[in-house]
């Protein structure tokens, strides 16, 4: 299961990188069009779709690499069981919020499909197509937060400067 999850996060990150290249291609195409007097409709919109896709698809990988910004004013001072329980509380909130985020992303894409919602740009792209990237990104983030919650529950999650299962509170029992 660990291999599958890591492959899922890695695949989403690679897709995010490809969409960043897509942003570059759209911007360069737009610049070349202005310089060479040709028009490629929708380059601005496609660059925006690619940028949004890159951002959403990179969320889970960024979380798993510990690169998300965290405010550790309180939790950074805690050790042992108190840190474990506060981490679990925080991750529970993150699982619930990311689950809601994913639910509403799916709902938005579904409604855009049902209502035949299209872009107001020159491209006239059906909006559910680029919204799929948001759906995939938020679903993978939801899975990543569940993964982090399970790892924390088992005491296998590494914290900044503390190895997994390292107990710095001499009076606390291991949390398994």
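The values are calculated or read from the model by the stated rules, or taken from the named source; none is laboratory data. Keep in mind that what you see is a predicted model, and the values were worked out from it rather than measured. We place every Cβ from the backbone using ideal geometry, glycine too, and count neighbours over all the protein chains shown.
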**Report entry** Subset of segment 89-113 [touching a helix residue (DSSP H, G or I) at 6+ places or on another chain (Cβ under 8 Å) and surrounded by fewer than 15 Cβ atoms within 10 Å (Cβ to Cβ)]
**Finding:** 92, 110
Requested in this report: Having 2 or more residues that are closer than 30 Å to residue 3 by Cβ and without any contact (Cβ under 8 Å) to a residue 12 or more places away in the chain is the bar; report the helices (runs of 4 or more DSSP H) wholly within segment 31-146 that clear it.
Outcome: 80-114
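Residue-wise test of (1) modelled with pLDDT of 85 or more; (2) closer than 26 Å to residue 129 by Cβ; (3) over 14 Å from the mean Cα position of the chain (by Cα).
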position	(1), (2), (3)
52	yes, yes, no
56	yes, yes, no
72	no, no, yes
91	yes, no, yes
Query raised in the report: Across segment 147-159, which residue is farthest from the chain's Cα centre (by Cα) among those that are assigned to a helix (DSSP H, G or I) and free of Cβ contacts under 8 Å to residues at least 40 places away in the same chain?
Result: 154
